[in-house]
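This report concerns only the one structure given below.
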Amino acid sequence: MELIFERSRPGRGSDLLPPPDVPASPLPEAHRRAAAPRLPEVAESEVSRHYQAMARHAFGVCDGFYPLGSCTMKYNPKLGEDLAALPGFTGIHPLQPEHTARGCRSVLDRAGAYLCQITGMDEMTFQPAAGAHGEFTGLLLIKAYHVHRGDTGRTVILVPDSAHGTNPASAAMAGFTVRSIPSTAEGLVDLEALRAACGADTAGLMLTNPNTVGLFERDILAMTEIVHAAGGLVYYDGANLNAIMGVARPGDMGFDVCHLNLHKTFATPHGGGGPGSGAVGCKALLAPYLPGSALGGGGGAQSIGQVRAFHANFLVVVRALAYLLTLGNTGVRQAAEGAVLNANYLKHRLEAAGYSSAYPGLCMHEFVLTLEQLKKQTGVSALDLAKAMLDQGMHPPTMYFPLIVHEALMFEPTETETPETLDRAAQALEALLKTARENPQALHAAPVTTVIGRPDETAAARRPVVRYGFEEG
Ligand SMILES: *Cc1c(COP(=O)(O)O)cnc(C)c1O
């Protein structure tokens, strides 16, 4: 596809500004550019077509099925966008007097109260800008708690080997040593290994439940008790709360602190790098350490300090509140039940079509397939199948995660998909399995309908070309 600079022709363009009706006043010589800025000169119609063509090459939840596991790419109500665009919310200034922004204050307070109710926590802060930032903030709370009690030998955070990669990364960023806890063959945390890993150096455990293979940790009460008995605290990674919101609460499972990804579960579109909100909730024992904010609330003498300016991405909270108010008490629970039902429906259909689940039985909001056998038999890998899904008008699921499953494909169909969409996806995947057995070469060549087929992903990550080569051209 041609770049906007390649469409440029000298002297072409659109005049948007009327000629000045006041005398021109030239800039002082010292402030002038040596050369005119390098801007593309393109007709207005060409600009429209250029960006429209780029939009067509992107794929989002409004284009088709998007079952990206551990990421919750669901359809978010457009109502939330309308409300977040209200001038009363967009036209405020973070430093204006609080009595002139009471409505905004009330949005934060109400959203915080509802999310505390949903998680079973006592306090909530919206400062963290994303999930990983929330983990970092929550871990600083845990650290402050131990340090404040003079318990400075607690330097280790325990993290199950199935955890999202941000967990060990956040723990390391917060200055802790990470100790990995193995999973059982069933895909659950090994209770004995957890017991053995706990000791006087344990600052806490980070846990996702349902975990990142989509299973509910049945022994959760025993786990939080083991950690508490050793003097540690327990962190809940609630990035994807879809499976349990309105049904079960981290606070009741014994967790002391959690984060939620409002940009996954609570109606802010996710992907493309933000803006997000990794709201952090905690029990009363951690409340004194919560980050403060310039607009008041939190931030006492023991606070860990601000982790972001003002109230962070406020409009994300507006969408979350709109979502909660439209769903209501029963709707929140229904959404969770729908997420679990859809995941189990698709899992069952794919198993019936000949796919192997990494973990049999009921799942929560997501499940993991393993293509290990298929790869041995046909040479078709999880990557090949994911690429072939693109040609079927579907976004691939999460690939090669969690790391403990070989040739993993992790599906999260979300509660917003209809049975017909799930049926179509199951049929398409069944057909791809047939192709894999009969003509594996076809899948190695996929995708054939997209603008770019298979980029060199290593080179794209290590040596990205993000600047147009004017000098060469
Ligand atoms: C997405 C996710 C995170 C990280 O959230 P970001 O907003 O991407 O930083 C953490 N844990 C789990 C389980 C996740 O799915």
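The values are calculated or read from the model by the stated rules, or taken from the named source; none is laboratory data. Since the structure is predicted, the reported quantities are computational estimates derived from the model, not experimental observations. With ideal geometry, Cβ positions are generated from the backbone for all residues, glycine too; neighbour counts draw on all protein chains shown.
For this structure, a couple of remarks:
- For the range 114-135, taking the residues that are more than 16 Å from the ligand (Cβ to nearest atom) and among the acidic types (D, E), the one that is nearest to V247 (Cα to Cα) is identified as D122.
- Qualifying residue in the range 336-343 (condition: within 26 Å of A284 (Cα to Cα) and surrounded by 16 or more Cβ atoms within 10 Å (Cβ to Cβ)): no
- Some residue of the range 132-140 being farther than 19 Å from G276 by Cα and in contact with a Pro (Cβ under 9 Å, 6 or more places away or on another chain): yes
- Cβ pairs under 8 Å, 6+ apart, first in the range 79-98 and farther than 13 Å from R319 by Cβ, second surrounded by 12 or more Cβ atoms within 10 Å (Cβ to Cβ) and at pLDDT below 90: P94/A294; P94/L295; P94/F310; P94/H311; L95/A294; E98/L295
- Complete set of residues in the range 182-201 that are in contact (Cβ under 8 Å) with a residue 24 or more places away in the chain, under 30 Å from the mean Cα position of the chain (by Cα) and surrounded by 14 or more Cβ atoms within 10 Å (Cβ to Cβ): S183, G187, L188, V189, L191, L194, A197, C198
- Test: residue in the range 192-209 that is within 16 Å of the ligand (Cβ to nearest atom) and part of a loop (DSSP other than H, G, I, E, B): yes
- Taking the numbered list (1) assigned to a loop (DSSP other than H, G, I, E, B); (2) at pLDDT below 95 in turn, M54 passes all entries but (1).
- Residue selected from the range 216-242 under the condition buried (at least 24 other Cβ atoms within 10 Å of the Cβ) and part of a loop (DSSP other than H, G, I, E, B), by the criterion nearest to the ligand (Cβ to nearest atom): A239
- Unmet criterion (only one of (1) touching a Pro at 6+ places or on another chain (Cβ under 7 Å); (2) outside any loop (DSSP other than H, G, I, E, B); (3) of a type in the set (S, T, N, Q)) for T212: (2)
- Selected residue (criterion: surrounded by the fewest Cβ atoms within 10 Å (Cβ to Cβ)) from residues of the range 1-34 that are among the small types (G, A, S) and within 30 Å of M54 (Cα to Cα): G11
- Single unsatisfied condition, N342 versus (1) of a type in the set (S, T, N, Q); (2) at pLDDT 95 or above; (3) more than 16 Å from T416 (Cβ to Cβ): (3)
- Remark: pairs (first residue in the range 57-70, in contact (Cβ under 8 Å) with a residue 24 or more places away in the chain; second residue outside any loop (DSSP other than H, G, I, E, B); Cβ separation under 6 Å; 6+ apart in sequence or on different chains) = F65/T421; F65/A425; P67/F411; L68/T398; G69/T398; G69/M410; G69/F411; S70/T398.
- The range 254-289, residues that are within 9 Å of the ligand (Cβ to nearest atom), assigned to a loop (DSSP other than H, G, I, E, B) and in contact with a Pro (Cβ under 8 Å, 6 or more places away or on another chain): H263, S277, G278
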